[in-house]
Amino acid sequence: MDVYLQTLLSGLAIGGVYALIALGFSITFTTTKTLNFAQGEFIAFGAFIGVTMLLLFSGLASTTTAVPSEAASAWRYPAAVIAAGAVAGLMGVLIFLLAVRPFAGKGGMNWVMSTLGFGVMLQSIGLAVWGPAPVMVPSPLGDDVLRIAGAGVRPQELLVLACAILIMVALDLVMRRSRIGKAMMAVAHSPQIASLMGINVGLVMIGAFALSSGLAGVAGVLIAPIASASLFMGIGFALKAFSAAIIGGLNNPRGCIYGGFILGVLESAVGLWQAQWREIVVFGLIILVLAFRPAGLFGQAAVDKV
Amino acid sequence: MMPNRTALKTALLGSALAMSSAAYAQEIKIGFNGDLSASPSAQSGQAGVLGIQAAIEDINAAGGVLGRKLTLVVRDDLSQPPKSIQNMSDLIDNEKVVAVLGPTNSGNALAWKHIPNQKKNPSIGCIGSATDITKPASANAENYMYRVSMVDRAQVAGLIAYTKNNPAIKNVGFLVETTGYGQGGLKDLQELAEAKGLKPVATEKFGVNDTDMTSQLNKMKSAGADAVLVWAQGTPIAQLVRSMEKINYFPVTLTSWAADNASFFDTAGKTLAEKPIFMRTITEDRTPKQQQLFDRLAPKMASKSAFSFAAHCYDALMITAAAIKQAGSTEGPKMREALDNLQAPVEGIMKTYNKPFSASEHEALTAADYRWTHWKDGKLVTYTDDVVKALKPADFTQ
């Protein structure tokens with residue numbers, strides 16, 4: 001029994017991360033019909049912005065491979081999360097203006113290459129500034145294992161899960177209830193018609209990229225105490241998150257979130273059987289989903305009235 | 001007039017060549033080829049170069065070899081195999097080095113090990129630990145690949161010997177990462193375990209970037225493993241012990257030496273870092289000779305835990321110099337003969353080498369030279385218990 005609860009908890013913890021990043025993919029896809037393929041680098045970049053902020057706020061020096069645990073106490077960690085989100089959001093505006101807008105809406109796949117290239121540039125800049133070594137980031141809630149009915153989980157994993165759910169609920173409300181959200185959904189439906197209705201389509205698209213990149217930056221700082229910050233950490237998470245988005249349906253933000261959790265729990269469960277088959281099962285599932293439900297498992301549910 | 005002119009030219013060219021080779025004959029060039037800047041292991045390469053430079057200073061201060069001074073030619077391979085291959089040709093063909101030390105990454109040595117053999121130019125590895133680096137191309141082929149460092153297979157032999165000789169261990173499980181490093185280790189683990197009649201109750205794998213291995217560990221637990229042999233890099237070993245804490249399952253944990261990385265220590269945290277036991281060539285309980293070299297190099301060394309590579313590379317250079325001296329020549333084939341059959345003992349930092357190599361044995365350091373190590377209060381110290389004390393060199397046979 002413990003074993004299954006442990007599997008579920010571990011899966012939900014990692015699934016929360018996937019869901020958060022998958023949501024970012026969905027936001028840009030629904031509004032601009034493009035994806036930010038540098039999302040992985042934004043996660044890593046965000047994590048290191050977080051590291052820098054923690055050190056800046058606390059005035060403490062870092063060793064080459066770890067941030068001292070006092071640096072994350074009290075208000076500093078939340079402040080670092082917000083700062084990383086803001087910086088990553090600004091970078092998102094930049095990537096939209098430089099690498100997406102010139103190509104968006106035109107035929108061809110130029111934006112795929114240009115966003116990938118932007119990611120490579122971001123990583124190279126990161127390597128020059130922070131170096132290749134991974135840096136361990138302390139959790140603001142400490143590192144002691146919490147026991148839930150015999151299963152162990154670290155406070156940071158629960159924090160990631162809680163933050164992921166909170167952010168997703170908040171975004172869902174904004175998207176469905178507020179004028180901004182309705183504007184975004186209108187642009188997603190048809191940029192031309194939205195434009196005729198007096199919506200500033202360009203601004204909405206910039207906003208979508210800023211939001212999506214900001215989420216990646218926030219995710220970076222949230223994951224860093226679990227996986228340690230590294231400039232190579234993002235690729236794996238971004239690929240899994242993209243898979244989650246495909247499974248759930250890129251068009252449907254809620255579907256992406258479910259996809260993230262499904263993927264996390266599935267991975268964890270396959271590990272109970274044969275861990276080396278994990279990737280095969282995950283990507284096998286994607287091929288099945290694409291074959292039978294090309295819009296994703298929750299793709300149909302995407303019909304929303306605007 | 002024409003013939004005379006040609007003759008004059010030839011004479012001039014000939015004398016110029018003779019003069020230049022006379023000038024070069026003053027110095028014996030040794031090469032270093034390895035990563036010095038591009039990957040986390042670059043710190044090991046930097047420490048290695050410091051060790052070689054120290055050894056060259058010592059030899060030159062004592063009058064050099066064959067009355068000639070030694071010099072070092074350093075090439076950074078940026079941890080990329082193609083660059084590393086190119087460096088080998090550059091060092092041997094253009095720089096005319098008599099031997100190459102390094103490389104930092106095992107994969108790069110495996111990528112160019114045919115070059116020293118073809119060009120008959122000895123290569124003495126002092127950092128990378130992959131088992132196959134020093135294997136001859138075929139059973140009776142001339143082998144120019146030597147090593148003064150750890151060897152993966154010898155470490156595995158040590159871990160198996162410990163498991164086999166610990167009466168408290170009833171069931172053992174293997175846990176490895178899915179990279180080439182992990183799979184190579186698994187092959188060694190399986191072969192040596194079988195040779196020693198040890199049968200694992202479970203074999204589990206995990207990804208190098210995984211952050212939660214509770215599923216794999218729960219399988220280990222239900223299979224009844226009271227010891228696990230782990231072959232992985234530093235950070236995943238740290239994630240593994242963190243997952244052990246989650247399900248409160250702490251079998252005897254024997255790991256690859258990657259657990260000596262600072263990134264392992266930082267990720268695992270101070271308390272959990274003390275769980276694994278592994279083998280290493282140097283702990284912080286240094287011998288006087290090691291302490292002396294450590295004090296000499298410490299101001300220049302970026303990472304103190306990379307000191308072992310400085311010591312290995314120091315010794316590799318000393319052994320190379322001894323071979324040149326015995327051969328009375330810097331020709332590759334003569335050096336190889338001398339290396340395979342060194343007469344005079346070589347005073348090194350790790351130990352005094354008595355006939356370190358033979359035609360069939362190209363490893364200067366073997367399991368008997370390794371130290372059992374663990375983290376204690378943030379330091380890498382010698383580990384000992386009754387099992388370690390009772391281990392005999394014969395237990396380490398591969």
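Coordinate-derived values only; no laboratory data. These figures come from a predicted structure and were not determined experimentally. Cβ coordinates were reconstructed from backbone atoms using ideal geometry, including for glycine residues, and neighbour counts include every protein chain displayed.
Taking the empirical scaling 2.2 N^0.38 Å for compact globular proteins as reference, the protein assembly as shown has a Cα radius of gyration ratio of 1.10. The Rg/Rh ratio for chain B, using Cα coordinates for both the radius of gyration and the Kirkwood hydrodynamic radius, is 1.04. Per residue, chain B reaches -13000 deg cm²/dmol at 222 nm when only DSSP H runs of four or more residues are counted, each adding -39500 (n - 2.57). Taking every DSSP beta bridge with both residues inside the protein assembly as shown, roughly what % is antiparallel (nearest 5)? The antiparallel fraction comes to roughly 30 percent. Membrane-span-like helices in chain A, defined here as complete DSSP H runs extending at least 24 Å along the helix axis by their C-alpha atoms with mean Kyte-Doolittle hydropathy no lower than 1.0, are A:2-32, A:39-58, A:76-95, A:110-130, A:155-177, A:201-227; this is a sequence and geometry rule, not a statement about a membrane. Neighbour counts of C-beta atoms inside 10 Å place A:Met233, B:Met145, B:Met220, A:Met197 in the sequence A:Met197, B:Met145, A:Met233, B:Met220, starting with the fewest. Along the Cα-to-Cβ line of A:Arg179, 7 Å from the Cα, sits a label point; which residues in the stretch A:203-246 have backbone N less than 16 Å from it? A:203-204, by backbone N distance to the label point. Calculated [222 nm] ellipticity per residue, helices only, for chain A: -23500 deg cm²/dmol; basis is -39500 (n - 2.57) per DSSP H run with n ≥ 4, divided by all residues, nearest 500. When both the stretch A:82-154 and the stretch B:328-398 are represented by their alpha-carbon centers, they are found 46 Å apart.
Counting only DSSP beta bridges with both residues in chain B, tell me the antiparallel percent, nearest 5. Write down the numbers at each step before the final one.
Details: 10 of 42 bridges.
Bridges in chain B that DSSP calls antiparallel: roughly 25 percent.
Where does helix B:307-327 land angle-wise versus the long Cα axis of chain B, in degrees 0 to 90, nearest 10? Once rounded, one gets 40 degrees. The ranking of B:Lys379, A:Lys106 from fewest to most other beta carbons within 10 Å of each one's beta carbon is A:Lys106, B:Lys379. Which shape class, rounded, prolate or oblate, goes with chain A when its Cα gyration tensor gives a ≥ b ≥ c as root eigenvalues, a/c under 1.5 marks rounded, and past that a/b bigger than b/c marks prolate? It is oblate, given that a/c is not under 1.5 and a/b is not larger than b/c. Applying a DSSP loop filter and a limit of 15 other Cβ atoms within 10 Å to the chymotrypsin sites (Phe, Trp or Tyr not before Pro) in the stretch A:214-276 leaves A:Phe232. Shape class for the stretch A:175-306: oblate, because the ratio a/c of the largest to smallest gyration tensor axis (alpha-carbon atoms, square roots of eigenvalues) is 1.5 or more and b/c is at least a/b. Rounded to the nearest 10 degrees, the angle from helix B:42-61 to the longest Cα principal axis of chain B is 50 degrees. Per residue of peptide A:126-138, the mean number of Cβ atoms on other chains within 10 Å of the residue Cβ is 3. When its C-alpha radius of gyration is set against 2.2 N^0.38 Å (N residues), the stretch B:124-178 gives a value of 1.52.
Dividing the Cα radius of gyration of the stretch A:88-139 by its Kirkwood radius returns 1.13 for Rg/Rh.
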